[in-house]
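The values are calculated or read from the model by the stated rules, or taken from the named source; none is laboratory data. Please read all numbers here as calculations on a predicted model, not as lab measurements. No Cβ is skipped: glycine too gets one built from the backbone with ideal geometry, and neighbour counts run over all protein chains shown.
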Amino acid sequence: MTTEDQLREKLDDVLVPGSMRSLIKMNLIRNASVSDDKANITLSSAALNSGTQEWLKAKITDSMKGLPGIKKTTIDFVDIKPRELNEIKHVVAIMSGKGGVGKSLVTSLIAVSLARRGYEVGILDADITGPSIPRMFGISGRPVGSDSGILPPLSHLGISVMSINLLLPNEDDAVIWRGPLIGKTITQFWEDVLWGKLDYLLIDLPPGTADAPLTVMQMLPLSGVVVVFSPQELAAMVVRKAVRMAKQMSVPIIGVVENMSYFTIPDSGKRIELFGKSKAQEMAKAADAPLLGQLPIDPELARLCDDGNIERYDSQEMDSFADAFLKAMSAKE
């Protein structure tokens, strides 16, 4: 006789069209039981159009044929909103008071590092007017779904990504919206996107301390924020505003990252601080949080981002940064 565990093991092999994650990882299974010689399966219809539902019925019915004692399979769908299905262990925002310091880059490097370590990861691109995440990951296809929700596209490593750029007719179309509409869009990306089961959802915030960061800090259950800055004194001064915002909103600061910290001359290995002396220790002290890393200026990384291949990047600094991030997350638990 087939057990419920065996039933769920089979269902974990069924990938949802449009997301290519399993029914289990998308948390769509509401019931999976065996009675006599019949498999009884109930799925949520969230973000699944009628065609996808019919395809899943056929695929699941076919996959049940190999199970001992199963002669019949019944599959039902129930209406449940994505926000009721999403199970996300850690929601982390990456922020800075200033633009151009590398928030999207740091967000992407964290996501890639976590995915390589076997974590289920998603990225919510909250930089509505200046999105860059899809380009760095080489994602251009539009999300699919239904009136009940959206399925986020997957990167090559299996990172779920949702960005306004994936919904625009052309990626270079300008989004000219006022603050309330931007805030509503971020909320919809949180509530109406079927993220499923994730270990980490990373929020790439726009610069500043206005509508978008405020919406995220007020509406989302943040585990904490990572603050990104570059060595220039002007950048450090503005980033301190973001640190104060997080503290005023009672959001934990997981750590700080100094991007564009230095450049290594290939022939000699000598480090040059192109943007001035490092502010790393100073910013860590101001944030009362650990320094997670000092990332160098790397032409190879820039090239891979432009080509949509950031997932191919690897470096010792990236690994050390990821280790420090996970250690800081563990300390917050």
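Observations
- Residue in region 5-16 that is under 19 Å from residue 193 (Cβ atoms), aliphatic (A, V, I, L, M) and outside the structural domain of residue 156 (by TED's automatic domain parsing) present: yes
- Scanning region 246-283 for residues that are free of Cβ contacts under 8 Å to residues at least 24 places away in the same chain and part of a loop (DSSP other than H, G, I, E, B), we see that the one that is nearest to residue 103 (Cα to Cα) is 274.
- Among the criteria (1) surrounded by 15 or more Cβ atoms within 10 Å (Cβ to Cβ); (2) without any contact (Cβ under 8 Å) to a residue 60 or more places away in the chain; (3) assigned to a helix (DSSP H, G or I), the one residue 135 does not fulfil is (2).
- Residue match in region 19-36 (condition: among the basic types (Lys, Arg), in contact (Cβ under 8 Å) with a residue 40 or more places away in the chain and either closer than 17 Å to residue 193 by Cβ or in the same structural domain as residue 256 (by TED's automatic domain parsing) (or both)): yes
- Scanning region 39-55 for residues that are among the hydrophobic types (A, V, I, L, M, F, W, C) and either under 17 Å from residue 150 (Cβ atoms) or crowded, with 23+ Cβ neighbours inside 10 Å (or both) gives 39, 41, 43, 46, 47, 48.
- Pairs linking a residue in region 213-231 that is under 19 Å from residue 101 (Cβ atoms) to a residue that is of a type in the set (S, T, N, Q) and not in a helix (DSSP H, G or I), with Cβ atoms under 7 Å and 6 or more positions apart or on different chains, are 227/96; 228/96; 228/259; 229/96; 230/259; 231/261; 231/278.
- Check on residue 118, more than 11 Å from the chain's Cα centre (by Cα), assigned to a loop (DSSP other than H, G, I, E, B) and modelled with pLDDT of 95 or more: yes
- Residues (out of contact with any strand residue (DSSP E or B) (no Cβ under 9 Å at 6 or more places or on another chain) and within 23 Å of residue 180 (Cβ to Cβ)) located in region 105-136: 128, 129, 130
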